[in-house]
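J.: The following block contains the structure, expressed as structure tokens.
Just so you know, all these numbers are worked out from the coordinates, no wet-lab data involved. Small disclaimer: the values here were computed from a predicted structure and weren't measured. Don't worry about glycine lacking a Cβ; one is built from the backbone with ideal geometry, like all the others, and counts go over all protein chains shown.
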Amino acid sequence: MSIEERLVKIQAAYVGNLSAQRLQEIREWIEKIEVIKNQKNAVLLGHNYMTPEVFFGVSDITGDSLELARKSAQAKADIIVFNGVHFMAETAKILNPSAKVLIADSTAGCSLAESITPEDVRDLRQKHPGVPIVSYINCTAAVKAEVDVICTSANAFHIVEALPGNEVVMVPDGYLAGNVAKTSKKVIHAWPGKCMVHELFTPRDVEEARLRFPQVKIIAHPECKSNVTDKVDFTGSTSRMSSYIEETHPEQVLLFTECSMGDNLRAEHPGVEFVPSCQSCPYMKKITLEKIYDALLYEKDEVTVPDNVREGALHSLQAMFDLSKV
Ligand code: 13P
Ligand code: SF4
């Protein structure tokens, strides 16, 4: 996409509300980032929750956590700048250790990743001997190294079903586990971690939306509570939300997820009306064009994973790729 085309998308994502001055600033940052990225043979990966200027403006590859993990493993670049949160950049480093992995703000965390430690996983293993432990990818490298297999929101059900036995321990997202439990016959021992963004949506929000917008299709992320996902039209990973809209062409949608997701989808689907409903992730919002430029210029903040941790974490990620049916 030319810079001009990217700016058109960004303006569309913001419903034409960007001032000429802000648009000019965005253009200048994109141009500066483009030059330095080429000089340094860098590739920029961007999660679906990035703001439109980061998502459309400078990210070479975009997607959900599973897609970005796969792409980061394949990236042939000296530098990967991960436009997302820290556990995602760590995953890229685990999968592509020869690349220098940078994140524009190393304090871009995640409430789920912060909710569990490697010691917690060891305690769970003692409590449930012989039971496989699956962790949502939203966890630190040290937690990845302790568990048996990783899953993402796109493949959680398939991974749980593919594991041996009738019991599984799922960490750290208790709500994702609750959503998997709706269709799995296995006994799931869930860790009570929560996404601070998706836990804010309630069944009442669904009821009120249906009264106000009777035609609306409501789409939720599986980090929402199961009493919310029970009532919506579709539940899926951030990229699945996008394919649902592409495949079903709804006239009006409401997304129970992070705000930039709806902005980015709006630019891609001009015929669809997006009813405002979102919650903002303060961690994702730490990634800005200005900080991405500095990250490239000064080659900071570098994300590293100690070799002994990387080995175990890679094993759990590889187990996911081997079992994944998506
Ligand atoms: P996805 O894997 O669906 O992109 O989700 C990542 C995430 O952090 C959602 O809050
Ligand atoms: Fe973590 Fe929730 Fe933010 Fe995703 S939206 S990065 S799960 S805090």
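J.: With loop defined by DSSP as not H, G, I, E or B, and exposure as at most 12 other Cβ atoms within 10 Å, which is the longest segment of the chain clear of exposed trypsin sites (Lys or Arg not before Pro)?
T.: Formally, the longest exposed-site-free interval is 186-324.
J.: Mind jotting down the three principal axis lengths of the stretch 134-242 based on Cα atoms? Whole angstrom, largest first.
T.: For the stretch 134-242, the Cα extents along the three principal axes come out at 46, 27, 25 Å.
J.: Using the reciprocal of the averaged 1/r over all distinct C-alpha pairs, how large is the Kirkwood radius of the chain in Å?
T.: 20.2
J.: Quick one: Debye curve from the alpha-carbon atoms of the stretch 60-174 only, equal weights, vacuum; give me log10 I(q)/I(0) at q = 0.12, 0.20, 0.21 Å⁻¹ to two decimals.
T.: Once normalised to I(0) and log-transformed, intensities are -0.44, -1.08, -1.15.
J.: Within the stretch 216-253, which GluC sites (Glu not before Pro) sit in a loop by DSSP and count at most 10 neighbouring Cβ atoms inside 10 Å?
T.: Here the GluC sites (Glu not before Pro) that fit, given the DSSP loop and packing criteria, are 251.
J.: Using 0.36 nm per residue of separation minus the Cα-Cα distance, give me the extension gain between residue 311 and residue 74 in nm, one decimal.
T.: 83.5 nm
J.: Roughly how far apart, in whole Å, are the Cα centres of the stretch 220-279 and the stretch 80-130?
T.: The stretch 220-279 and the stretch 80-130 have Cα centres separated by 26 Å.
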